[in-house]
Amino acid sequence: MGAARPWGRTGRGQTKPWHATCTTQRVAPHHNLWRNFQHGSSYRTSTLSFPAIAASKKPIKVGILHSLSGTMAISETALKDVDLMTIAEINAAGGVDGHMIEPVVVDPASNWPLFAEKARQLISQDKVAAIFGCWTSVSRKSVLPVLDELNGLLFYPVQFEGQEQNKHVVYTGAAPNQQAIPATEYLMSKDGGGAKRFFLLGTDYVYPRTTNAILRGFLHSKGVKDADIAEVYTPFGFSNYQNIVADIKKFASAGPTCVISTVNGDSNVPFYKELGNQGIKATDIPVVGFSIAEQEIAGMDIKPLVGQLTAWNYFESLKNPRNAKFVKSWQDWVKKEKLKDYPVTDDPMEASYIGI
């Protein structure tokens, strides 16, 4: 992590706390990746209303495969919206070689087998050139056999566990060496609280389990014993965190402790509420989350959470002209479309924008 600051850093795997005002600190979009996509005609982009310039040219269809209902809707709906904004933006500029981009939006409803069915529909029936979608690794892995069979292309915008390479997937999110390990290094540092004990809490699926296996190996390399590592998993949609938070407090009684959270979706809300209910403060037990942003904490009382951390590769507050344009475009889109609870841009949104 280098010389860490307690509320953020630029570069891969940065960390920042939540403040009572919900201010954020962000990192630049991936410039080289964007340039490659921008000049590659096989990666189709462009709007919801088609300018006259493209009236004689056939639109290029792209699929948007994000959960708009179920446990992951709290996280994925904003990605669908930023996808539509980006497509509209490109279409308004004339599309791709005069072709408009036509988005085909489907709702896999946080149902992992349904992701595969919807991907098949998008490729076979709707004839999309590419799919932008998925959040959880289990949804991505559900789609992989369909992509392999039908020669499809998926742009995947969320951090993941790594240990996968597929010619049909463009991974625009972070792997553990770019997010989880730098965040853990920060928590072990003096600035991060000097943690000696580590409570690994996650949703029970491949990304948290694999990431925590990688983290356990990293901690072992730093001399941390298994007795100083706890590992707990809960199902998707889990809401009763009273006993787990009590266990965190008990575990922390034996030495400086941090919590590393790979909890996903709407389970973040009851987890962080219970931290507040049981009086856990960042100064006592810092918690870093890898799958939580403003969408997940909208409507929560964040005063008890001041100082708690999230680690991403992009934060909205980055000061440069390109990011300012992206943020302004999003704010204008939210107002135009009358969207709710989307006050800021976050890392998966930025990765979605870059992908398109």
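All but one of (1) within 19 Å of residue 146 (Cβ to Cβ); (2) buried (at least 24 other Cβ atoms within 10 Å of the Cβ) hold for residue 86, so report the exception by its number.
Of (1) within 19 Å of residue 146 (Cβ to Cβ); (2) buried (at least 24 other Cβ atoms within 10 Å of the Cβ), only one is false for residue 86: (1).
Scan the stretch 56-68 and give yes if some residue there is modelled with pLDDT under 95, part of a loop (DSSP other than H, G, I, E, B) and either under 24 Å from the mean Cα position of the chain (by Cα) or hydroxyl-bearing (Ser, Thr, Tyr) (or both), otherwise no.
Yes, there is a match, as at least one residue in the stretch 56-68 is modelled with pLDDT under 95, part of a loop (DSSP other than H, G, I, E, B) and either under 24 Å from the mean Cα position of the chain (by Cα) or hydroxyl-bearing (Ser, Thr, Tyr) (or both).
Please verify whether the stretch 152-166 includes one or more residues that are of a type in the set (Gly, Ala, Ser) and closer than 30 Å to residue 328 by Cα.
Checked against the condition, which is being of a type in the set (Gly, Ala, Ser) and closer than 30 Å to residue 328 by Cα, the stretch 152-166 yields no hits at all.
Looking only at residues that are in a loop (DSSP other than H, G, I, E, B) and of a type in the set (A, V, I, L, M) in the stretch 288-302, which one is modelled with the lowest pLDDT?
Looking at residues that are in a loop (DSSP other than H, G, I, E, B) and of a type in the set (A, V, I, L, M), I get 298.
What about residue 151, is it more than 16 Å from the chain's Cα centre (by Cα) and of a type in the set (S, T, N, Q)?
Spelling it out, residue 151 is indeed more than 16 Å from the chain's Cα centre (by Cα) and of a type in the set (S, T, N, Q).
Looking only at the stretch 236-256, count every residue that is closer than 14 Å to residue 203 by Cα and part of a helix (DSSP H, G or I) and tell me the total.
Result for the stretch 236-256: 1.
Any residue that is of a type outside the set (Ser, Thr, Tyr), at positive phi and modelled with pLDDT of 95 or more - is there at least one of those in the stretch 111-125?
no
Collect the residues in the stretch 192-230 that are hydroxyl-bearing (Ser, Thr, Tyr) and assigned to a helix (DSSP H, G or I), keeping them in residue-number order.
207, 210, 211, 221
Here is a list: 272, 233. Which entry is in contact with a Gly (Cβ under 6 Å, 6 or more places away or on another chain) and either surrounded by fewer than 19 Cβ atoms within 10 Å (Cβ to Cβ) or assigned to a helix (DSSP H, G or I) (or both)?
233 is the lone residue from the list that is in contact with a Gly (Cβ under 6 Å, 6 or more places away or on another chain) and either surrounded by fewer than 19 Cβ atoms within 10 Å (Cβ to Cβ) or assigned to a helix (DSSP H, G or I) (or both).
Among the residues of the stretch 294-302, is there at least one that is of a type in the set (A, V, I, L, M, F, W, C) and closer than 22 Å to residue 160 by Cα?
Yes: one or more hits.
So, residue 305, is that one over 14 Å from the mean Cα position of the chain (by Cα), modelled with pLDDT under 95, surrounded by fewer than 24 Cβ atoms within 10 Å (Cβ to Cβ) and within 20 Å of residue 200 (Cβ to Cβ) or not?
The answer is yes for residue 305.
Give just the number: which of (1) at pLDDT below 95; (2) surrounded by 18 or more Cβ atoms within 10 Å (Cβ to Cβ); (3) part of a loop (DSSP other than H, G, I, E, B) does residue 285 not satisfy?
All conditions are met except number (1).
Checking the condition at pLDDT 95 or above, surrounded by 16 or more Cβ atoms within 10 Å (Cβ to Cβ), closer than 18 Å to residue 135 by Cα and among the hydroxyl-bearing types (Ser, Thr, Tyr), which residue from 211, 184 passes?
211
State all residues of the stretch 238-276 that are closer than 24 Å to residue 192 by Cα and of a type in the set (D, E, K, R); if no residue qualifies, say none.
247, 249, 250, 273, 274
Here's a check for you: in the stretch 309-336, which residue that is in contact with a helix residue (DSSP H, G or I) (Cβ under 7 Å, 6 or more places away or on another chain) and either surrounded by 24 or more Cβ atoms within 10 Å (Cβ to Cβ) or of a type outside the set (Gly, Ala, Ser) (or both) is farthest from residue 287 (Cα to Cα)?
The qualifying residue farthest from residue 287 (Cα to Cα) is 333.
The values are calculated or read from the model by the stated rules, or taken from the named source; none is laboratory data. If you're wondering where the values come from, they're calculated on a predicted model, not measured in any experiment. Glycine also receives a Cβ, built like all others from the backbone with ideal geometry; neighbour counts cover every protein chain displayed.
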